[in-house]
Structure formats: structure tokens, C-alpha cells
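The values are calculated or read from the model by the stated rules, or taken from the named source; none is laboratory data. Note that the structure is predicted; figures quoted are calculated from it, not measured. Quick reminder, even Gly has a Cβ in these numbers, built from the backbone with ideal geometry, and neighbours come from all protein chains shown.
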Amino acid sequence: MKLNESLEDIKNWQEFENLVRHYFEDIYIMSSNGVKTVIVQSSGEGADGGKDLLVIFKSNDSLVEYERKWVVQCKFYERSVSPSDLADTNIPGLIHQYGAEGYLLVCKKNVTSGTVRMFENWRKNCKFGYQYKIWTGSMLTRLIAKLNEE
């Protein structure tokens with residue numbers, strides 16, 4: 001499946017979330033990166049508590065099968081995402097709740113410098129080793145283009 005690389009064609013948050021979902025599903029289908037299985041669980045419509053998707057990567061290193069989980073939040077805003085847009089979510093608690101490795105914020109546009117600082121502080125001060133990542137719209141577009149080349 002060739003994913004749409006233009007975020008300008010996407011009309012609403014559901015289409016944006018589906019694009020992100022399909023990106024993760026296509027990592028397994030189109031790539032040879034050692035991932036054996038990718039499971040993408042959606043929170044569906046309504047209040048999601050800060051989790052739009054739970055992405056589970058299952059791999060095998062020839063000794064043991066293991067999995068890595070990521071909590072993914074998609075923000076379909078026409079402006080930069082600020083810390084106040086995430087204030088209702090206990091993101092470290094959310095990672096812990098799902099037994100995940102980390103939290104990925106995927107934005108249609110960008111994030112403010114305050115959001116970048118917030119994620120850097122979480123990374124630096126997390127005693128559990130959780131990962132905190134941000135993908136801007138331009139980063140997502142580049143990742144989709146790269147996947148489409150494979």
C-alpha cells in the first residue's frame with residue numbers, strides 16, 4: 001500500500017490517525033527491519049485519555065521473542081502543539097499503564113519550544129528509562145516517503 005505523503009489532503013483527525021495507523025502497519029508489510037509482527041490498537045472515538053494508538057512491535061533475536069509497545073497520540077492541529085494541549089494527560093503514567101517503552105506525539109504541524117523542553121525534561125529525569133518522542137508533520141511526511149521507496 002502506498003501511503004499518501006501530503007498532509008494537506010487530510011481533512012480531519014480521523015483521517016490523520018488512520019494515516020499514522022497505516023504507517024505503522026506498513027512498516028511490517030513493506031520493510032525488512034527485523035520486525036516479525038506489528039499490532040496497532042486504536043482507542044476509537046471519544047475520550048482516549050491521551051492514547052490514540054497502542055503500537056506493539058514483536059521481534060525475535062533468535063534466542064527469544066520480545067515486544068516493544070509505544071503509546072501514540074495524534075494531534076491534528078493547524079497550529080503548533082503546546083504543553084497546555086497535553087496538560088490533561090499524565091503521560092508518564094500512561095506509559096506505565098500500558099507497559100510501554102515510551103510515548104510518541106505525532107502532530108500535523110509542529111510543536112512549541114515549551115513542548116520540546118517538556119519532552120526533554122521527561123527524558124532526562126525519567127528513572128524508568130521511558131522514551132519521549134515527537135514527530136512533526138514534516139518528519140511524518142519524510143518517513144512515509146522513505147517507506148514508499150522500499
Would you kindly identify the strands (runs of 3 or more DSSP E) lying entirely within segment 8-127 that contain at least 2 residues that are surrounded by 11 or more Cβ atoms within 10 Å (Cβ to Cβ) and at pLDDT below 95? 35-42, 53-60, 65-75
Residue check, Met118 over 16 Å from the mean Cα position of the chain (by Cα) and farther than 23 Å from Thr37 by Cβ: yes
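Whether any residue in segment 60-73 is farther than 20 Å from Arg21 by Cβ and of a type in the set (Asp, Glu) is what I want to check.
yes
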